Amino acid sequence: VSYGSGSRLSSPPPLLAAMLTGDFRRPTWSGLPISSQTTAASKTAKDLWDAKAKARQGIESVGYDLNESEQYIAYVKSFVGMRGKLKGGFRWLYLCLVGIGAGSVAVGIAFLLKCVNRLKFDTQDAMFDAGHGLFARYLAWIGTCLLLSAVAGALVCYVEPLAAGSGIPEIKCILNGIDLPNVLLLRTLVCKACGIICSVGAGLPCGKEGPMIHSGAIVAAQATKARAGPVIGPYQVNTESRDFVAAGAAAGVAAAFGAPIGGVLFAVEEGASHMNPTILVRTFVCASMAALTVRFFAGPMDGTTEWGTLGTDVPVEFGRFEARRYKFLELPVFALMGMCGGLCGALFNGINTRLSKWRMRNVGPRGHLRYVEVLFVTLSIVSFNFFAPLIRGGSTKISSFCPAQKLFVDVGGEAIRELLHGEEHIDQGMLLFFALIHYVQTVWTYGLGVPSGLFVPSLLGGAAFGRIMGQLMQGFELVATSPGLYALIGATAMLSGMARITISLAVILMETTGEAEWGIPIFLTVMAAKWTGDLFNKGIYDIHIDLRHVPLLEHRPEKHELGLQASDIMTTSVTAIFPRASVGGLMDTLESCRHGAFSVVEEGSRRFVGILDRSTLLHVLHLGKRHGIFTESESPASAPAIVPYEEMLQQRHPAPLSLAKVKASLTLEDCAMHVDLRPYINMGCYTVQEHAAVMRCHLLFRTMGLRHLPVLGDDHTVRGIITRKDLLLGAEEHDLATISACKSVRTENSTACDSSADSSPGEAPTRPAEAAVETCCNV
């Protein structure tokens, strides 16, 4: 531990030294019996560990723990009477406005997209009626699509790379406690909304629903900057901001599908671990306002209902089924379809993972190469889909296509409704041909440098497979439903197999079809698809999070974490400060490290006092002179002055100030002064003893939203600190130890297990290695 000056009195564990020092040229591996004849698998694992450590260096997390500092407690106590009512009242107002905003964005995207597609199809029919040949119509079609994809690609490749994809993995990370810059910026919203109109309008197999969810979260993030009347920045606090983003994501789902209950469940299932009844009600109100906004505007703007009439028009609506019954013997068929959907989803995820890794190595997140790839993929897919319907023969006029032919050129929602409710028999050969081609095209497109969602493409592909199954089942006595229900089950199975969404997906589909009767078949299908897919890999959103090496904490800790102790994974390179310190010394400490928080210890006994986060320290130093908290004496007689928390909120706290800005506000005389930090220290923060199980640490991080967890010795002194990166590195060290120990078992006929476990007292292996050896012996 170093005290203010940055000099280390103890070095970090060898496992973490490379990551902490930034020296990745010669990493060491704590307790791992890796010989000079390391296998290719072990080298691959080490390379992956190395890559993850490098990628995580620039990623920061967000703390949602209760701040028990004197300063913050005084701020919270100020919300009494009218001040407290203003904060609560404006919160409800802003939640409603977020819902309206998310709904308005969804309505705008859906309306403009319909205009773009109507223009494309009307142009084709007009050119056919005017006598233009097929090649001329193809040039007009492909030219329009390339222009649209060029706009979508430019917004991602040259303006904001984080506008690519659906945005659901990023929102999931933020709700998990990861600070991802630029994800919730207004610029990202503009690029996302405009880009998804162009990418879907270009004919790429993309869905607009995922970007709508991301857009709702961005709208909510912007609302947190607002004042509650005269109260400044009450919603900038991390916990308030997180609740708003969760509500915004739910509003995005509700706006896309007209499903407020499904939106709330989606926010709970995919990201939020902090839900309680109060937050659930707030989220539901926000989602309901989004659904209300969509239903109010969508129908009249599309010309299907009068203004003031709330119909069923939403961006994605599948319509009601006439027949509402099925036979008990059909349930095993639905379960089997769910298993097939899980297999197809696992295959999709596996292929897309390899493609995404290739893109990361050879294309990059932005620039000319990624832009060219967008244009090439658009040219290939749109050209194929233009000519593919003509294989069946008949008229080349798009409006004269049969239902099977229209699948190649229709927008996703219209095509799904045809598969669910179309009464005429759809050509099986063309349907199978479309389903296979669409599956391949979706694999190719997901991860492309354009805004794109996965909901409707996966639902469309699954509905095509399900429709084939339903038409084949007609004529059997055990079948009591139409092929449309089988299309719904197929769509459910495919999306659940890819994304591993369960309860929220089931409720969303019930709300979009207006049929609660299909609850049991849908529940059965999603669970069968999830369980089958989980046998092979993770969901597509979790895979893309892993590809970026984001330190996401799963809901449940690994079993081996119960056998690890906090001392095995903690970072011992801890910079501690004293409750009273010189301004210049604190500036030197801030310049010497990039730690997100500092342990505060008593100057004499070195006993732990509390923790002070970096952002608070920067704001205190920046505003200290203005509020007279700097003193010449190290131990003044009077009580120290305090920087008001609301004053820090005006400076966008908890966002940290730049070190250069703080230095510019201080003079040489200020640096010679002293400051009392006790009013700003979180003295009630969670701590653990050295012997505490890592599983307990994991649960504290996941349930309490911690960013830092100090590790104390029996004498109440700081022995180390744990962050979420340490938790994940501990698990990965365990995996590396398992690989190495298994190699030893295979090459040394199990004697290596005994030699590794029986070490001399001075050479005892670390606990991760011990756990790995035990695992190998049990195997």
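The values are calculated or read from the model by the stated rules, or taken from the named source; none is laboratory data. Note that this is a predicted model, so its numbers are computed, not measured. Note: ideal-geometry Cβ built from the backbone for every residue, glycine included; neighbour counts use all protein chains shown. The protein model used for the area step is the full one, side chains on, heavy atoms only, and it has no ligands, DNA or RNA in it. Shrake-Rupley method; radii C 1.70, N 1.55, O 1.52, S 1.80 Å.
Descriptive notes on the structure:
- Nonlocal amide H pairs with GLY720, under 5 Å, H built at 1.01 Å: VAL711
- Pairwise label distance in nanometres, LYS327 with MET683, each label 7 Å out on the Cα-Cβ vector: 7.4 nm
- Prolate/oblate/rounded label for segment 395-509 (Cα gyration tensor, a/c 1.5): oblate
- Three-way shape label, segment 329-424, alpha-carbon gyration tensor, a/c 1.5: oblate
- Per residue solvent-accessible surface (Å²) - segment 642-706, probe of 1.4 Å: 46 Å²
- What a 1.4 Å probe finds exposed on segment 258-348 is 67% carbon and sulfur by accessible area, rounded to a whole percent.
- Accessible surface of segment 355-402, 1.4 Å probe, proportion on carbon and sulfur as whole %: 66 percent
- Rounded, prolate or oblate (a/c below 1.5 giving rounded, otherwise prolate when a/b exceeds b/c) for segment 537-606 by Cα gyration tensor: oblate
- Per-peptide packing, taken as the mean over residues of other Cβ atoms within 10 Å, places 435-447, 82-94 in the sequence 435-447, 82-94 from highest down.
- Under Karplus coefficients 6.51, -1.76 and 1.60, residue-wise ³J(HN,Hα) of segment 167-177 in Hz, glycine/proline x: x, 5, x, 5, 5, 4, 5, 5, 5, 7, x
- The mean accessible area for residues of segment 388-527, using a 1.4 Å probe and ignoring ligands and nucleic acids, is 31 Å² per residue.
- Among 638-647, 669-678, sorting by the average number of other beta carbon atoms lying within 10 angstrom of each residue, highest first, gives 669-678, 638-647.
- Label-point separation, LEU659 to TRP307 (7 Å along Cα→Cβ), nm: 5.8 nm
- The Cβ shell under 14 Å around ILE197 holds other residues with a net charge of +4, Lys and Arg each +1, Asp and Glu each -1.
- From most to least packed by mean Cβ count within 10 Å, the peptides 392-404, 519-531 give 519-531, 392-404.
- Approximate spin-label separation GLU558-ILE232, in nm, with each point projected 7 Å along Cα-to-Cβ: 4.7 nm
- Within the accessible area of segment 524-635 (1.4 Å probe), percent carbon and sulfur: 51 percent
- Amide hydrogen proximity for GLN565: with H placed 1.01 Å from N in the peptide plane, the residues at 5 or more positions away or on another chain lying under 5 Å are VAL694.
- Contour minus Cα-Cα distance for PHE111 and TYR138 (0.36 nm per residue): 7.2 nm
- Per-residue HN-Hα couplings for segment 94-107 [Karplus 6.51, -1.76, 1.60; θ = phi - 60°; Hz; x = Gly/Pro]: 5, 5, 5, 5, 4, x, 5, x, 5, x, 5, 4, 5, 5
- Mean accessible surface per residue for segment 223-314, computed with a 1.4 Å probe while every protein chain stays in place, in Å²: 34 Å²
- Mean-position separation - Cα centroids, segment 444-523 and segment 62-88, in angstrom: 46 Å
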